[in-house]
Structure formats: C-alpha cells, structure tokens
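One structure is given here, and the rest of the page talks about it.
The values are calculated or read from the model by the stated rules, or taken from the named source; none is laboratory data. What you see is a predicted model; the values in this text were computed from it and never measured. Here Cβ is always computed from backbone atoms with ideal geometry, including for glycine, and neighbour counts include all displayed protein chains.
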Amino acid sequence: MRRGPLGAAIGLATGLLVLAPVLGRGVVLSYDMVFVPDPPITGAVLGTDGSVPRAVPTELLADLLARVLPVAVVQQGLLLAVFVLAGAGAARLVPGLPGAAAAALGYAWTPYVAERLLIGHWPFLLGYALLPWVVGAALAARRGGRLPPLLLWLAAAAAAGATSALIATATALCVVGLRPVARFGGVVGFAVVVNLPWIVPALVRPGGVPADPAGVVAFAARSDTPLGLAGSLLTLGGIWNQATVPAGRDSALAVVALIGVLAALVLGLRPVLADSRGLVAAGAGGLVLAAAGAVPGLDAVMRAVVVHVPGGGLLRDGQKLLAPAALVVALAAGHAVDRLARAPRTAPLAVLLAVLPVLALPGLAWGVGGRLTAARYPADWEGLRAAVAQAPPGQVAALPWGTYRRLDWAGDRVVLDPLPRLLDRRTLADDALPLSGVTVGGEDPRAARVTAALATGDRLPDVLRAAGVRYAAVHRTQPGSAGTERALAGLPVLFSSRDLLLVELPGPVAPTPAQRPWVAVVGLGAAVAGLGAGILRRRPRLLRSRTPDERTGA
Amino acid sequence: MLSDERLTGPRDRGAILISALVAAVVGGLLALGASLVLVSSASNTNAPPVNKPLITYDQK
C-alpha cells in the first residue's frame, strides 16, 4: 500500500470514529458552526453587504454545494474531508509506511482538532487539513519541481478562509525560501490574488475591520492541562475557551501526551529539519505567536498588532497558529516511528508511539465525548423563512438581542444564532462576543448602536426602526425572549409558533446601506482569473530553482 | 519521498504494518470505551438547566 492511501484510510477511520454519532442524523450546531437547510446566497457570504468577510468564500462554496446536496451531507462530508485530507497529507511527507501511518494519526488526532471542532471552526480545520499538502508542494517546488501544484494548494487554502490562507501562505514561504526572489514574489503575488474574495470586502468596508483590544486577552491561549500554558501548547491544545476542551485534558493523560511529543521530537526532528528547516521555523514561529497573547510583554505587542495592523485581528485567537507546529510534531513522530520500526527489538515502541495520540486523547472519539450532536431543524423554521420571503422588502432583526442561542431541539448547546444564515434578507444581529466577565465588541457599527440604545432604555421598536429594521424575528425560548415579546406586543404578527415569532414594524424606517455587488465581482473574478493564470501559465524555468547542472551549464 | 528510504526487509515491514494496524484498532477501541465512560459520567452530572442563564461564548 502507498503512503497517501494508507494515510487517507487512517484519516477516514479516525473521522468515522469521531463523527459516527452524528453521521446521517442531521446537522451539527456547535458554537460558531452553523449550517442551515437550503442556505440562501446572501450578501454576507459574497462579501457585498459591508459585514466583515469571515464567511467569504468558504461559506459561499458550502452554500453552493448545499444547492445540489442536502446540507447535512455537505457538512458531514466537509468534516470527514478534514480527517481524510489531514491523514493523507501528513502520511505523504514521511518515507516509511509505519511512519506514514503514525504521521497520519498524529496529525488527525490532536487536541487542536478536538477543540477547533467543538468550537465550530470548520473552515479553519479544512485549512489545517490542507497544510501538509501545501508543505509537500512547497518542498517539491523548492527542489526544482513545478510551481503550479503549490499554487493550486494555496488557492484551496484561500478557499478555506482568511486564517487558513494566512497560515498556509506563511508556511509555504518559509519552506520555499527567499531565493530565487522571483519564485518567492510569485508565490506572494499569487496568494494575494486568490485571497482577493475576502481582501477586497475587508479593504473597502466602511470603517475598516475594527478589533476590540479586549479580544487579545480574552482569546489568548490558555492552559488546558495541568502542564501550564507551555505544556498545553506543546501538546497541541491550549484553546482560550475552556468549554471546548475535550475530556481528559485536565488529567494525567496530558503527561502521556507530553511524553509522546517529546519522544517524537527527540527521535524524529532531525529528518524533518533535514527535509525543511523552513517548516520547523514556521512551527516554532507559530508556537511563539500562539503563546504571545498570554505572555507578559509579548501581549502588548500582540495587542498593538491586532488593533493597529490591517488584518492583525486574524492573530488574536493565537492558539490556531499552532497548525504548523502540529504538522512538525506529526512528521517527527512519523520519522521516529520509522526509526524504531527498523529494529524488531524496538518495534513495540514504534507501535506504542504511533498510537499514543489516541491513547492520550480518548475524549476526541465519539463526537468529542458526546459533545457533538446532530439535529434537524423543526418545521417552523421553514415556516418563518417562508413568511419572511412573502413579506415586502425590508431588513430583519434577530432577537432577543444577543449573539448566541441554546436550541433545545439541538442539544441545548451554545451556538451562533442561525437566523441570519437562514433568511434570504439582510439580517441585523448582535455581533458582540459575550464572555463570562467581559464582552468583546463586534465590528458592525449599526449593531453597536442598537446595543447602546437598548442599554439606555430606548423603546425596542424605535431602536430597530432607527437601525433600518422592518421585521423582527424572535426566538421565544431564549433568555430575554419574554421582555422582547412584551416590547413588541401589539405589532402585526406575520408568523407565530412555539419557538419563533415574526412581527412587522410599521412606520418609517431608516435606510439600510446598499449592497455592493461589484465587491464580489472584483474579488471573486480576480481570484478565478489569477488561479487560471497561475495554474495554466508555463514559466517553470523562471520560477523554479535551477538544478546544479543548470547552474554549471552542464 | 522526502528522505532516503531506509526500510527493513519485506517480512519485517509486513509484521510492523500488521502490528501497527492491530495497535491502531485496539487503541481506537480503548478510546471509544473511555469516551463512552466519560460521556456517561458527564451526562449524570450535568442536568439540563431549568432556567436558561445569559448565553455566553465560553459556556459549555
């Protein structure tokens, strides 16, 4: 068996072990992971409505897939693809079969995957899964291979969103190196072009993309083990949100994980360094950046970057920058396993090291210890959508005013309000991030004005009209629902069920900012054109390294 | 291929591969069992809340 298919098989097996409880049972709603049936293509996923282009272009691609497949199939296919791509990609980077198997398991089965899966960062997990493919293509390009495969993988990472693209591009540049400058510049230029679908909306957004400095502290990496911050990050955990830490991380299993990482690095880092010092540098750099928000002194630097540098907000959730380090550890583990497997005497140790990721993190199995659950939207959600569709034009507000919901039919888990993704209308929603003890401000100034007005006691209908809202869609079973319904009492009801209510706000409403279709045309059009040019154009002699024979003219 | 091939004989390789696969299956079953134990213990202690508190991003 070849290494890639072996890694894919291991990735598939791990993916099935993790996702088995949810497969075929509806959509998974968990924190920021929100999928809705028959999602409309809204301005938010195109980047034309002036919102921060977080969903661009990843959710656009998922929504397009959901036009031809049931949304649950799309979601579960994407989540399974994370494991398969991660396993296959990592396996291809290690020479021996045993090591390839170990690298596949070591990269697909990490606290990092568990925590990002629970918090619902699925686009970013796709980027994580694409990273070994980017690195493989970058290594090949550095060794004189063709550049288009690297460009193709960078384009795929761009499709997985801004953070994925940033990490993939930075890692690729570390691997290919600065020389020849034409190749380095070509990679940078191509990366910019294929990321234009989110860069353009971010650049032309009125007011830019503001970042609340409170987010640097709130979203800094944290210890999720008894090993402290350094040990937590070294063992590839340390997410800021303690609620998304898989079971077992706070136990002695963390020590087992640390022993595994250290053994992998001691026995297997040298061949990884020999393959690419740039990759190891990217891993080390990612580790430092991941810790930076929580280290006195460095946190001030990180705060300055997040607040003042355009795009710096991508760094505030520092732990996600561990992705290259996770790849380095997995590859080192693979090389270590290859080395141990060569002698029959140490073969049992090879087996132990290969399966250690699973033994140290059993909490990832079975829906991350039962915390991922699947559900089907009740029929009244479709009823609400139909009522909005039939109503005259006008903006909708998602109420009660708050960012997260607990939906009893979806396991009562914390989840971003699905209404803005469900309704084929511009939907005004709170975008602040409430945490225990602090609220990290959002980016939508209109939402901030609503929050401020409600805090001063203004009447809800007046506040909404001033924000350009014509309809109020109300969750009736959330904290604050009763007060919201009282504030809207007497207004014309367009839809009503046990859980949902839609009312109209008669009278004049403020105008809403117009959509800007040209943003999507420019961004997506340039990216597609750039992708075609980068892949099809043949300039191998200019962009690849010259071989020793070419340098000497032999 | 990123490093030199330094493999053992075909028989050793087969044995190592089989033991790795067996270990992976055993490890997976162990993980499954442990997670089921964790799930059942968690469900015993976390009764559904009667009154929903303000929902924050860092709640479980």
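Enumerate the pairs (first residue in region A:272-283 and away from every other protein chain (no Cβ under 13 Å); second residue anywhere and outside any helix (DSSP H, G or I) and of a type in the set (Ser, Thr, Tyr)) with beta-carbon separation below 9 Å, excluding pairs fewer than 6 apart on the same chain, so at least 6 apart or on different chains.
What qualifies is A:Ala282/A:Ser276.
Going residue by residue through region A:190-213, is there one that turns out to be closer than 30 Å to A:His335 by Cα, crowded, with 19+ Cβ neighbours inside 10 Å and within 22 Å of the chain's Cα centre (by Cα)?
Checked against the condition, which is being closer than 30 Å to A:His335 by Cα, crowded, with 19+ Cβ neighbours inside 10 Å and within 22 Å of the chain's Cα centre (by Cα), region A:190-213 yields no hits at all.
Taking the condition without any contact (Cβ under 8 Å) to a residue 60 or more places away in the chain and among the basic types (Lys, Arg), does A:Arg342 pass?
yes
Can you tell me how many residues within region A:59-102 are more than 12 Å from every other protein chain (Cβ to nearest Cβ) and in contact with a Ser or Thr (Cβ under 7 Å, 6 or more places away or on another chain)?
Looking only at that region, the number is 1.
Could you say whether any residue in region A:109-117 is aromatic (Phe, Trp, Tyr) and within 13 Å of another protein chain (Cβ to nearest Cβ)?
Scanning region A:109-117, I find at least one residue that is aromatic (Phe, Trp, Tyr) and within 13 Å of another protein chain (Cβ to nearest Cβ), so the answer is yes.
Restricting to region A:160-172, name every residue that is buried (at least 22 other Cβ atoms within 10 Å of the Cβ), of a type outside the set (S, T, N, Q) and part of a helix (DSSP H, G or I).
Once the filter is applied, which keeps residues that are buried (at least 22 other Cβ atoms within 10 Å of the Cβ), of a type outside the set (S, T, N, Q) and part of a helix (DSSP H, G or I), region A:160-172 yields A:Ala162, A:Ala165, A:Ile167, A:Ala168, A:Ala172.
Taking strands (runs of 3 or more DSSP E) that do not extend beyond region A:336-448, which have at least 1 residues that are of a type in the set (S, T, N, Q)?
Counting at least 1 such residues, we get A:395-399, A:438-440.
Being within 14 Å of chain B (Cβ to nearest Cβ), in contact with an Asp or Glu (Cβ under 9 Å, 6 or more places away or on another chain), under 27 Å from A:Leu118 (Cα atoms) and among the aromatic types (Phe, Trp, Tyr), is that true of even one residue in region A:377-387?
So far as region A:377-387 goes, no, none of its residues is within 14 Å of chain B (Cβ to nearest Cβ), in contact with an Asp or Glu (Cβ under 9 Å, 6 or more places away or on another chain), under 27 Å from A:Leu118 (Cα atoms) and among the aromatic types (Phe, Trp, Tyr).
For region A:245-268, how many residues are in contact with a helix residue (DSSP H, G or I) (Cβ under 7 Å, 6 or more places away or on another chain), over 29 Å from A:His121 (Cα atoms) and not small (Gly, Ala, Ser)?
Number of matching residues: 1.
In region A:58-76, is there at least one residue being more than 25 Å from A:Ala520 (Cβ to Cβ), in a helix (DSSP H, G or I) and not hydrophobic (A, V, I, L, M, F, W, C)?
Scanning region A:58-76, I find at least one residue that is more than 25 Å from A:Ala520 (Cβ to Cβ), in a helix (DSSP H, G or I) and not hydrophobic (A, V, I, L, M, F, W, C), so the answer is yes.
Would you be able to say whether some residue in region A:30-48 is assigned by TED's automatic domain parsing to the domain that holds A:Gly207, among the polar types (S, T, N, Q) and over 22 Å from A:Val200 (Cβ atoms)?
yes
Quick grid of which residues meet (1) over 20 Å from A:Ala389 (Cα atoms); (2) more than 32 Å from the chain's Cα centre (by Cα):
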site: A:Gly468; (1), (2): no, no
site: A:His475; (1), (2): no, no
site: A:Thr484; (1), (2): yes, yes
site: A:Ala487; (1), (2): yes, yes
site: A:Asp499; (1), (2): no, no
site: A:Val503; (1), (2): no, yes
site: A:Thr512; (1), (2): no, no
site: A:Val522; (1), (2): yes, no
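Which of the residues spanning region A:455-481 are assigned to a helix (DSSP H, G or I) and in contact with a Leu (Cβ under 7 Å, 6 or more places away or on another chain)?
The answer is A:Leu460, A:Pro461, A:Val463, A:Leu464, A:Arg465.
What's the total number of residues in region A:77-93 that are surrounded by 21 or more Cβ atoms within 10 Å (Cβ to Cβ) and closer than 30 Å to A:Glu443 by Cα?
2
In region A:221-244, what count of residues is obtained for those that are touching a residue at least 40 places away in the same chain (Cβ under 8 Å), within 13 Å of chain B (Cβ to nearest Cβ) and in contact with a Lys or Arg (Cβ under 9 Å, 6 or more places away or on another chain)?
Number of matching residues: 6.
In region A:3-54, which residue that is free of Cβ contacts under 8 Å to residues at least 40 places away in the same chain and part of a loop (DSSP other than H, G, I, E, B) is nearest to the chain's Cα centre (by Cα)?
Ranking the qualifying residues of region A:3-54, first place goes to A:Ile41.
Please name all residue pairs, on different chains or six or more residues apart, with Cβ atoms under 7 Å, provided the first residue is in region A:347-362 and is at the interface with chain B (Cβ under 7 Å from one of its Cβ atoms) and of a type in the set (Val, Ile, Thr) and the second residue is outside any helix (DSSP H, G or I) and crowded, with 20+ Cβ neighbours inside 10 Å.
Every condition considered, the pairs that remain are A:Val358/A:Trp109.
Determine whether A:Val307 is farther than 25 Å from A:Val28 by Cα, surrounded by fewer than 24 Cβ atoms within 10 Å (Cβ to Cβ) and in contact with a Pro (Cβ under 8 Å, 6 or more places away or on another chain).
Yes.
Suppose we filter A:Pro400, A:Pro445 for residues that are surrounded by fewer than 16 Cβ atoms within 10 Å (Cβ to Cβ) and not assigned by TED's automatic domain parsing to the domain that holds A:Met33; which single one remains?
Testing whether each residue is surrounded by fewer than 16 Cβ atoms within 10 Å (Cβ to Cβ) and not assigned by TED's automatic domain parsing to the domain that holds A:Met33 leaves just A:Pro445.
Return the residue satisfying two criteria in turn: it lies in region A:363-376 and is at the interface with chain B (Cβ under 10 Å from one of its Cβ atoms) and of a type outside the set (A, V, I, L, M), and of such residues it is farthest from A:Val71 (Cα to Cα).
Out of the qualifying residues, it is A:Gly363.
Quick check on this structure: which one of A:Gly293, A:Gly318, A:Gly311, A:Gly297 is in contact (Cβ under 8 Å) with a residue 40 or more places away in the chain, on the phi > 0 side of the Ramachandran plot and away from every other protein chain (no Cβ under 14 Å)?
When all the criteria are applied, what remains is A:Gly311.
Considering each residue of region A:215-261, count those that are within 19 Å of A:Gly283 (Cα to Cα), of a type in the set (A, V, I, L, M) and assigned to a helix (DSSP H, G or I), and give that number.
Final tally of qualifying residues: 8.
Of all residues in region A:138-148, which are out of contact with any Leu (no Cβ under 8 Å at 6 or more places or on another chain) and either of a type in the set (Lys, Arg) or modelled with pLDDT of 95 or more (or both)?
A:Arg142, A:Arg143, A:Arg146 - these are the residues of region A:138-148 that are out of contact with any Leu (no Cβ under 8 Å at 6 or more places or on another chain) and either of a type in the set (Lys, Arg) or modelled with pLDDT of 95 or more (or both).
Being of a type in the set (Asp, Glu) and either at pLDDT below 95 or out of contact with any helix residue (DSSP H, G or I) (no Cβ under 8 Å at 6 or more places or on another chain) (or both) is the filter here; which residues of region A:40-60 pass it?
Within region A:40-60, just A:Asp49 meets the criteria.
Report yes if A:Gly394 is farther than 22 Å from A:Pro479 by Cα and either small (Gly, Ala, Ser) or touching a Ser or Thr at 6+ places or on another chain (Cβ under 8 Å) (or both), otherwise no.
yes
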